[in-house]
Amino acid sequence: MERSHPVKSAVDKIIDTVAGGQPAEIPGVPNSEPPSLEEPTEPREPLPPKPDQSGPDTYSPTGQPTDTPRGKMAQGGPYLTTAQGLRVRDTDHSLKAGPRGPVLLQDHHLREKIMHFDHERIPERVVHARGAGAHGVFRGYGAASNVTRAAFLGKDVETPVFVRFSTVIGSRGSADTVRDTRGFATKFYTSEGVFDLVGNNIPVFFIQDAIKFPDVIHAAKWHPDREIPQAQTAHDTFWDFAGLHTEATHHTLWNMSGRGIPRSYRMMEGFGVHTFRLVNEEGATTLAKFHWKPKLGVHSLVWEEAQLLGGVDPDFHRRDLFDAIESGAYPQWELGLQLFPDTPDQMFEGIDLLDSTKIVPEELAPVQPVGLLTLNANTSNFFAETEQVAFHVGHLVPGIDVTDDPLLAGRLFSYLDTQITRLAGPNFPQIPINRPHAPVNDMQRDGFHQTAVHRGVAPYRPNSLDGGCPFTAGADQGAFVEVPVEVSGRKVREAPASYDDHFSQARLFWLSMSPVEREHIVAAYTFELGKCYEQAVKERYLRVLANIDPVLCRQVAEGLGLPAPDASQPLADPSPSPALSQVGQTWPTDGRIIGIIAGDDDAEAVGAVRQAVLDAGMVPLIIAPTGGMLGGTLPVQRTFTTARSVEFDALLVASAPAPGKDAYGARDAKAGGGADSPIDPRVLLLITEAYRHAKPIGGWGAASQVLSQAGIPAQAPGVVVADDGPSALDGTLRFLAAHRVWDRFPAAAALT
């Protein structure tokens, strides 16, 4: 699904406007029509959804296509009604005995309205509570047909999908940019039933056996006596667990890298984590790991950005996802498979494929692309879709089966169990976002929230009263048939010896990092352990780091003011895996956010560069002294008061604006003593922060003056001063393709 200049083409289709009738060429318009200044009083039907919004496809509770337009699934009619369809004359006043009298018990409208409000919330997920979702389509390449009979992977087969991204630890109200693992869960509405690929943005897990999942989550969550800290592992209980439970070492190292603070959901990998078993038409089996590879590359925030965004825009990741889809810069990932022979020992190159704390380096088993995922529609109702979507690793289709991974086994039990509490009963598959796109005839009846109207008198098998229906199917009719794997062994609570290696792959990851990535890992460990209270917890985890790498251990120990211990076992000597590093390649810049700093008199020059940004498939945001229209023609999206560098991928400087009227500390603390500076100090803060975070900076005209005032050399890496805006943009994009100007992050000699 290739495209050119996606933002501009989407703008041509979107019917959004802003105040003054100007076209809205950036995302974020609240509704499909602009509001009137006065309260509307003429009855009319509800507004249609925005062009970027979509609800679930309209299937019946039993998986039958209804051909009902999606709009008919939403509430309609121009008049306010009760839940029973009774039109309401007044919804602002309770029924009382006189204007000052007591409220009457007979007020059925008050009772219904308050009752429903009191029950609007459902229990949040125990983990992955904070999330965002979107609709899309998956197109198979046909490249997997020799290893699996799964129909949705067939050549040019298009399958509707819903994807939910999430953080693991925090509550629904936590910030997006915390250091944490991200969920990457995909629901495929295939012709053979629902297939859920429920993964993470990190390919390994903290534990090897699901029986320990409550322990690791209890350790990572807030302390139970105070319920702090929120959405982070920088505290004693987590590092106490991780230091005593060293199988968590590999995952923890990934989390301390940039993978723990992704730039965007659009720019992170996804992994199925476990090894699955594929079955082809002939019944031959192959072991496989699933990978999602983002078309935009894998990119991360730096830690200071993540911290600032937690306050400036805690919704940064979900906003980025929604805005990209609305602007037409549709996120895309290729689904890939790592394939391994299905041998009796289920090992590959000495790596136990059932150990979820291990990866198989891509240099040993290349990831083979088998399909393309495109997210092309936002939700129309967050609760109905993103919050009520229910995933389960046991939602399989013919051609994909599970293995004996003990972590996977526990997940097969847990996912169904949690939905019963969260979604109030066993009928959660009938919620529209969860409905399969294949016919359902399951003989299950009744229960909370049963919305199907079943027929027949014999929901059992065998029967004759319903004509024998439903009948079982064979493999040739598309039935799911478990692979008849032989199992044997004593009943024991043990792990195989191959699970005992907790450090060699962590060392592989460390050795595969570039010097700047190692610096960020050292800083992350130092910060996290530095937030712990107990010295014993810090000292114990330094012993873990010593078994990964002595330089890593020594650098973190120095930051903690503690001695670095020696390794307790010989260090592994793996070959580095270049595929694990995020540094050193270039990627498309689709959907990137470009901030344009402008003064009141820069409309003409800014208009030219703004259009160039749109033509390049990115989103321009004009930053000016005040809101409104720049030069009466260009909408201002940010002011010096509201802008912060962390929301932009690159900055362009069009002028050297003098301090604004609000540039003083009592009005805007970022301004400090604004009157003493020839340039608005908030502009200088934008520039210096962006420079510190290694973001490209371009400019023309008075840009040199701004850079000089900010103490940034015009010849510094990633700084482009040109004769005009489009030329400055072109130079800036060369650096943006690498995500950051990595040369601005010199690494310590010990880490190179």
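The values are calculated or read from the model by the stated rules, or taken from the named source; none is laboratory data. Note that this is a predicted model, so its numbers are computed, not measured. Note that we place each Cβ from the backbone using ideal geometry, even for glycine, and neighbour counts take in every protein chain shown. In case anyone asks, the SASA skips ligands and DNA or RNA and just uses the protein heavy atoms, side chains included. Shrake-Rupley method; radii C 1.70, N 1.55, O 1.52, S 1.80 Å.
Observations on the structure shown:
- Taking the criterion of being at pLDDT 95 or above, farther than 15 Å from Ile697 by Cα and among the small types (Gly, Ala, Ser), the residues of region 576-611 that qualify are Ser577, Ala579, Ser581.
- Flag for Ala598 being open to solvent by 40 Å² or more (accessible area, probe 1.4 Å) and in contact with a Pro (Cβ under 9 Å, 6 or more places away or on another chain): no
- One residue stands out among those in region 340-360 that are touching a residue at least 60 places away in the same chain (Cβ under 8 Å) and touching a Leu at 6+ places or on another chain (Cβ under 7 Å): the one that is farthest from Pro160 (Cα to Cα), which is Met347.
- Candidates Pro49, Pro43, Pro27, Pro56, filtered to the one that is of a type outside the set (Lys, Arg), at negative phi and more than 27 Å from the chain's Cα centre (by Cα): Pro43
- Within region 465-492, the residues that satisfy the criterion of being open to solvent by 100 Å² or more (accessible area, probe 1.4 Å), of a type outside the set (A, V, I, L, M, F, W, C) and assigned to a loop (DSSP other than H, G, I, E, B) are Thr472, Glu482, Pro484, Glu486, Ser488, Arg490, Lys491.
- Exclusive hit being of a type in the set (Asp, Glu) and open to solvent by less than 60 Å² (accessible area, probe 1.4 Å), set Asp90, Asp118: Asp90
- Region 293-325, residues that are open to solvent by less than 10 Å² (accessible area, probe 1.4 Å) and either assigned to a helix (DSSP H, G or I) or more than 16 Å from Arg263 (Cβ to Cβ) (or both): Glu305, Ala306, Leu309, His317, Leu321, Ala324, Ile325
- Condition broken by Pro578, with the remaining ones in (1) surrounded by fewer than 16 Cβ atoms within 10 Å (Cβ to Cβ); (2) under 30 Å from Asp180 (Cβ atoms); (3) in contact with a strand residue (DSSP E or B) (Cβ under 7 Å, 6 or more places away or on another chain) satisfied: (3)
For every residue, the table says whether it meets (1) touching a Gly at 6+ places or on another chain (Cβ under 8 Å); (2) open to solvent by 10 Å² or more (accessible area, probe 1.4 Å); (3) part of a loop (DSSP other than H, G, I, E, B).
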residue	(1), (2), (3)
Phe205	no, yes, yes
Phe213	yes, yes, no
Val216	no, no, no
Asp225	no, yes, yes
Ala231	yes, no, yes
Thr237	no, yes, no
Asp240	no, yes, no
His250	no, no, no
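- Residues of region 618-639 that are over 27 Å from the mean Cα position of the chain (by Cα) and either open to solvent by 10 Å² or more (accessible area, probe 1.4 Å) or of a type in the set (D, E, K, R) (or both): Pro625, Thr626, Gly627, Gly628, Met629, Gly631, Gly632, Thr633, Leu634, Pro635, Val636, Thr639.
- The number of residues in region 129-153 that are assigned to a loop (DSSP other than H, G, I, E, B) and either farther than 30 Å from Val483 by Cα or open to solvent by less than 10 Å² (accessible area, probe 1.4 Å) (or both) comes to 5.
- Candidate set from region 691-731 (those that are farther than 17 Å from Asp602 by Cβ and part of a helix (DSSP H, G or I)); member that is most open to solvent (accessible area, probe 1.4 Å): Arg692
- Search result, residues across region 70-82 that are part of a loop (DSSP other than H, G, I, E, B), open to solvent by 80 Å² or more (accessible area, probe 1.4 Å) and not polar (S, T, N, Q): Tyr79, Leu80
- Scan of region 616-642 for residues that are touching a Leu at 6+ places or on another chain (Cβ under 9 Å), farther than 19 Å from Gln709 by Cα and assigned to a loop (DSSP other than H, G, I, E, B), ordered by number: Ala616, Met618, Val636, Gln637
- Picking from residues in region 155-184 that are of a type outside the set (A, V, I, L, M), part of a strand (DSSP E or B) and in contact (Cβ under 8 Å) with a residue 60 or more places away in the chain, the one that is farthest from Ala219 (Cα to Cα) is Pro160.
- Single match in Asp156, Asp180 (criterion: acidic (Asp, Glu) and surrounded by fewer than 18 Cβ atoms within 10 Å (Cβ to Cβ)): Asp156
- Unique residue being farther than 29 Å from Gln611 by Cβ, out of contact with any Gly (no Cβ under 9 Å at 6 or more places or on another chain) and free of Cβ contacts under 8 Å to residues at least 12 places away in the same chain when the list is Thr66, Thr58: Thr66
- If you go through region 493-509 and keep only what is assigned to a helix (DSSP H, G or I), farther than 16 Å from Pro203 by Cα and either out of contact with any Ser or Thr (no Cβ under 9 Å at 6 or more places or on another chain) or open to solvent by 30 Å² or more (accessible area, probe 1.4 Å) (or both), you end up with Ala497, Ser498, Asp500.
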